[in-house]
1. Show the residue pairs that are 6+ apart or on different chains and have beta-carbon atoms under 6 Å apart, the first residue being within region 9-20 and under 14 Å from Phe65 (Cβ atoms) and acidic (Asp, Glu), the second being at pLDDT 80 or above and not in a loop (DSSP other than H, G, I, E, B).
2. Taking region 16-33 as the search range and keeping residues that are surrounded by 12 or more Cβ atoms within 10 Å (Cβ to Cβ) and not hydrophobic (A, V, I, L, M, F, W, C), which one is modelled with the highest pLDDT?
3. One residue is enough: does region 29-37 have a residue meeting the conditions under 28 Å from the mean Cα position of the chain (by Cα) and at positive phi?
4. Just to be sure, is Tyr141 of a type in the set (Phe, Trp, Tyr), modelled with pLDDT of 80 or more, more than 21 Å from Leu30 (Cβ to Cβ) and more than 33 Å from the chain's Cα centre (by Cα)?
5. Which residues, counting only those in region 21-38, are charged (D, E, K, R) and either free of Cβ contacts under 8 Å to residues at least 40 places away in the same chain or in a strand (DSSP E or B) (or both)?
6. Looking at region 44-64 only, could you name the residues that are within 26 Å of Thr23 (Cβ to Cβ), touching a Leu at 6+ places or on another chain (Cβ under 9 Å) and either surrounded by fewer than 14 Cβ atoms within 10 Å (Cβ to Cβ) or hydrophobic (A, V, I, L, M, F, W, C) (or both)?
7. Can you tell me which residue is farthest from Asp144 (Cα to Cα) among those in region 99-128 that are modelled with pLDDT of 75 or more and surrounded by fewer than 10 Cβ atoms within 10 Å (Cβ to Cβ)?
8. Filtering region 39-56 down to residues that are in contact with a helix residue (DSSP H, G or I) (Cβ under 7 Å, 6 or more places away or on another chain) and assigned to a helix (DSSP H, G or I), which residue is nearest to Tyr75 (Cα to Cα)?
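The values are calculated or read from the model by the stated rules, or taken from the named source; none is laboratory data. Keep in mind that what you see is a predicted model, and the values were worked out from it rather than measured. For neighbour counting, all protein chains shown are included, and Cβ atoms are generated from backbone atoms with ideal geometry for every residue, glycine included.
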Amino acid sequence: MPLNQFTVPQFIDVEDKIFGPITARQFVILLADGILLFVFYKLFDLVLFIFMLAVFGGFGLVLAFVKINGQPFHYFLLNIAQTLRRPALRVWDKTASDQELKLAMQLGSVLTAQVVKAEKKEFTRSRLADLSLVVNTGGMYKPDEESF
């Protein structure tokens with residue numbers, strides 16, 4: 001009984017070329033940029049058109065051909081926009097003291113969180129030794145339950 005053989009696609013991250021080394025994405029970007037520049041040529045005088053050609057033509061070329069970390073430039077722009085909109089690092093800036101939080105809770109303001117102080121247990125040397133034995137024996141060692 002022969003096993004079914006399947007062809008595994010190779011190079012799935014390579015874009016299809018349509019005109020020589022230009023991909024479909026690059027062609028569409030350059031076509032849109034060319035149409036926009038043609039409209040600028042018809043609407044503006046020569047000096048303003050040359051300025052627009054430098055700005056929008058340069059941006060179109062960068063958008064079409066530049067890659068950053070192996071990804072097209074528009075993905076880079078999208079990542080910048082997403083990072084600026086919603087940064088990944090969140091820092092808690094506790095400016096209110098416990099008394100101010102209690103006062104805010106009494107006044108019934110927007111803050112509805114309860115202030116809870118966690119009890120911190122002291123780890124003694126014997127407790128640490130017991131925990132070490134539990135970990136080292138894979139849970140086979142059973143210390144007396146009152147130490148936990």
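1. Glu15/Thr23
2. Of everything passing the filter in region 16-33, Asp33 is modelled with the highest pLDDT.
3. No, because not a single residue in region 29-37 is under 28 Å from the mean Cα position of the chain (by Cα) and at positive phi.
4. Numbers: of a type in the set (Phe, Trp, Tyr): yes; modelled with pLDDT of 80 or more: yes; more than 21 Å from Leu30 (Cβ to Cβ): yes; more than 33 Å from the chain's Cα centre (by Cα): yes.
Against the criterion (of a type in the set (Phe, Trp, Tyr), modelled with pLDDT of 80 or more, more than 21 Å from Leu30 (Cβ to Cβ) and more than 33 Å from the chain's Cα centre (by Cα)), Tyr141 qualifies.
5. Start the filter on region 21-38 by keeping residues that are charged (D, E, K, R), which leaves 25, 33.
Result: Asp33, single match.
6. Restricting attention to region 44-64, the residues satisfying the condition of being within 26 Å of Thr23 (Cβ to Cβ) are 52-64.
Next, from what is left, pick out any that are touching a Leu at 6+ places or on another chain (Cβ under 9 Å): 52-53, 56-57, 60-61, 63-64.
Passing the criteria: Met52, Leu53, Phe56, Leu61, Leu63, Ala64.
7. Going residue by residue through region 99-128, those that are modelled with pLDDT of 75 or more are 99-107, 126-128.
Narrowing the set further to residues that are surrounded by fewer than 10 Cβ atoms within 10 Å (Cβ to Cβ) leaves 99, 106-107.
Values: Gln99: 41, Gln106: 44, Leu107: 47 Å.
Among those that are modelled with pLDDT of 75 or more and surrounded by fewer than 10 Cβ atoms within 10 Å (Cβ to Cβ), it is Leu107.
8. We begin by selecting, within region 39-56, every residue in contact with a helix residue (DSSP H, G or I) (Cβ under 7 Å, 6 or more places away or on another chain); these are 40-41, 44, 49, 52-53, 56.
Checking the rest, the ones that are also assigned to a helix (DSSP H, G or I) come to 40-41, 49, 52-53, 56.
Numbers: Phe40: 27, Tyr41: 29, Phe49: 28, Met52: 24, Leu53: 24, Phe56: 18 Å.
Here the residue is Phe56.
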